[in-house]
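The values are calculated or read from the model by the stated rules, or taken from the named source; none is laboratory data. Keep in mind that this is a model prediction, so the values were computed, not measured. Neighbour counts run over all protein chains shown; Cβ positions are idealised from the backbone, glycine included. Only protein heavy atoms, including side chains, enter the accessible area calculation; ligands, DNA and RNA are left aside. Shrake-Rupley method; radii C 1.70, N 1.55, O 1.52, S 1.80 Å.
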Amino acid sequence: MSNPNFIDLFSGHSAIYAKYRPTYPEQIYTDIKNYLTKDVKVIVDIGCGSGQAVVDLAKHFKGAKVIGVEPSPQQLEQAPKMDNVEYRCAKAEQTGLPDGIADLITVATAIHWFDLDLFWKEVDRILAPGGVIAVWTNGTSETHVLEADKIYKKFFGEILPYFAPQAHMTFNKYKDIIFPYEKNERKITIYPREMPFKAFIDYLGSWSSVQKYLEKDPHILEQTEKDMATALKLKDPRDPVTIYWEIVLLLAQKPEK
């Protein structure tokens, strides 16, 4: 099943996206578990891309079935296969899943691409009473080395006009998202993560905005890598750095009937 009408900015570099997108902090899944008030048998991860969150969900909820929903066939081709996971090629607003199937719905760095009016209707249709929806995104990322962060912010300013308008919801830390359920909460946490510096640069290269900007200036990523490495006093791009990731997590629970 294909969906020609959805906004597709990732299929053209789906292999890059799958390879270089980092996993999310373990604490996200702990926070979700702590928010739940009922057992989880079925999880639906909507806008699952190439399966980054799906893999984590399958590991953290071992007794549950995880259904990844993604409209891009190219993205799904990159998604890992696991025993308790299935994938569906469908839009977020029209998953084709049965009513009330999900005990938990998750959306990892994707809700800003959705038609929210239609999406909330679909959430309410497939989410079981008492079920939870968890939505999260990456916020800012910093090295806490002043000169390196200045270079990164300059790079970000250059590519900012190349982001799709929907992506600006992430810059606003999802403040514009209003859940249809009264019980909800929002939290922002900074997670330090050590990783090879080159992996961070490759992550930046997986952004759709950067892929578009590279058509104008094919050297911007290479120059940013060089300048940041100098500021961080790295001898090798594979040397580890600590990146301080901001994660915005929104949680809401559907009322019991």
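Key figures for this structure:
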| quantity | calculated |
| --- | --- |
| Strands (runs of 3 or more DSSP E) contained entirely in region 73-183, each with at least 3 residues that are open to solvent by 30 Å² or more (accessible area, probe 1.4 Å) and out of contact with any Asp or Glu (no Cβ under 8 Å at 6 or more places or on another chain) | none |
| Output for region 226-256, where each listed residue is among the acidic types (Asp, Glu) and surrounded by 15 or more Cβ atoms within 10 Å (Cβ to Cβ) | ASP227, GLU246 |
| Leading residue by the ranking (nearest to ASN138 (Cα to Cα)) among those in region 41-67 that are assigned to a helix (DSSP H, G or I) and open to solvent by 20 Å² or more (accessible area, probe 1.4 Å) | GLN52 |
| Yes/no for GLU70 being in contact (Cβ under 8 Å) with a residue 12 or more places away in the chain, of a type outside the set (Ser, Thr, Tyr) and loosely packed, with under 15 Cβ neighbours inside 10 Å | no |
| Residue selected from region 17-40 under the condition surrounded by fewer than 18 Cβ atoms within 10 Å (Cβ to Cβ) and at pLDDT below 90, by the criterion farthest from GLU185 (Cα to Cα) | LYS19 |
| Qualifying residue in region 142-158 (condition: small (Gly, Ala, Ser) and within 20 Å of the chain's Cα centre (by Cα)) | no |
| Test: residue in region 9-16 that is under 12 Å from the mean Cα position of the chain (by Cα) and modelled with pLDDT under 95 | no |
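Here is a yes/no grid of residues against (1) under 18 Å from TYR29 (Cα atoms); (2) at pLDDT 95 or above:
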site: LYS62; (1), (2): yes, no
site: ILE67; (1), (2): yes, yes
site: GLU70; (1), (2): no, yes
site: GLN74; (1), (2): no, no
site: ALA79; (1), (2): no, no
site: ASP83; (1), (2): no, no
site: GLN94; (1), (2): no, yes
